[in-house]
1. So, in region 68-90, exactly how many residues are exposed (fewer than 15 other Cβ atoms within 10 Å of the Cβ) and either within 20 Å of Leu133 (Cα to Cα) or touching a Phe, Trp or Tyr at 6+ places or on another chain (Cβ under 8 Å) (or both)?
2. Quick one: count up the residues across region 48-65 that are within 16 Å of the chain's Cα centre (by Cα) and free of Cβ contacts under 8 Å to residues at least 40 places away in the same chain.
3. Examine region 33-48 for a residue that is over 30 Å from Ile117 (Cα atoms) and touching an Asp or Glu at 6+ places or on another chain (Cβ under 7 Å), and state whether such a residue exists.
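The values are calculated or read from the model by the stated rules, or taken from the named source; none is laboratory data. Bear in mind that the values here come from a model prediction, so they are computed numbers and not experimental data. Positions of Cβ are generated from backbone atoms using ideal geometry, with glycine treated the same way; all protein chains shown enter the neighbour counts.
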Amino acid sequence: MNKKKGDLTRAERFEIAILLEKGYSKRSIARALGRGHNTVAYEIAVNSTNGMYDPKKAHAKARVRKRYRKLEWSKIDADPALERFVIEKLKAHWNPDEIAGYLKRTKKLPYVSKTAIYDWLRTSRGERYCVHLY
């Protein structure tokens, strides 16, 4: 079975809606799309509204969830003082490991690991500060 990776496309969501309307099972829809049956079942369960699968609404719900998923973990975005501190230290050419170590020692601001700082740098909010890494 050909299993694709990544999020469902808008076209795939419309195809799911058409096949559901025609009475196809979730497994047969998955085979038609070249996706796993769990992917299709999850899509229908999570992105249905009031028990009905609308591909336009499903696509909008998925996009919103994806957008929030990228930032929900970030303590840096949630705390403006911490964000200012991290940016200030990056501009002073501190590396994320040094910033995390300082935060752990001083306990003046919430602690974030070097991994969290690197993850934040990979987001649209932190990307512009990557130029300060040496």
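1. Summing the residues that are exposed (fewer than 15 other Cβ atoms within 10 Å of the Cβ) and either within 20 Å of Leu133 (Cα to Cα) or touching a Phe, Trp or Tyr at 6+ places or on another chain (Cβ under 8 Å) (or both) in region 68-90 gives 2.
2. Within region 48-65, the subset within 16 Å of the chain's Cα centre (by Cα) is 59-65.
Checking which are free of Cβ contacts under 8 Å to residues at least 40 places away in the same chain leaves us with 60-61, 63-65.
Within region 48-65, residues that are within 16 Å of the chain's Cα centre (by Cα) and free of Cβ contacts under 8 Å to residues at least 40 places away in the same chain number 5.
3. Of the residues in region 33-48, the ones over 30 Å from Ile117 (Cα atoms) are 33-48.
Imposing the further condition that a residue be touching an Asp or Glu at 6+ places or on another chain (Cβ under 7 Å) reduces the set to 33.
Yes, region 33-48 contains a residue that is over 30 Å from Ile117 (Cα atoms) and touching an Asp or Glu at 6+ places or on another chain (Cβ under 7 Å).
Each row is one residue, and each column tells you yes or no for (1) at pLDDT below 95; (2) in the same structural domain as Leu109 (by TED's automatic domain parsing); (3) surrounded by fewer than 18 Cβ atoms within 10 Å (Cβ to Cβ); (4) on the phi > 0 side of the Ramachandran plot.
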{"position": "Lys5", "(1), (2), (3), (4)": "yes, no, yes, no"}
{"position": "Glu15", "(1), (2), (3), (4)": "no, no, yes, no"}
{"position": "Gly23", "(1), (2), (3), (4)": "no, no, yes, yes"}
{"position": "Ser28", "(1), (2), (3), (4)": "no, no, yes, no"}
{"position": "Leu33", "(1), (2), (3), (4)": "no, no, no, no"}
{"position": "Ala41", "(1), (2), (3), (4)": "no, no, yes, no"}
{"position": "Lys57", "(1), (2), (3), (4)": "no, no, yes, no"}
{"position": "Arg63", "(1), (2), (3), (4)": "yes, no, yes, no"}
{"position": "Ala92", "(1), (2), (3), (4)": "no, yes, yes, no"}
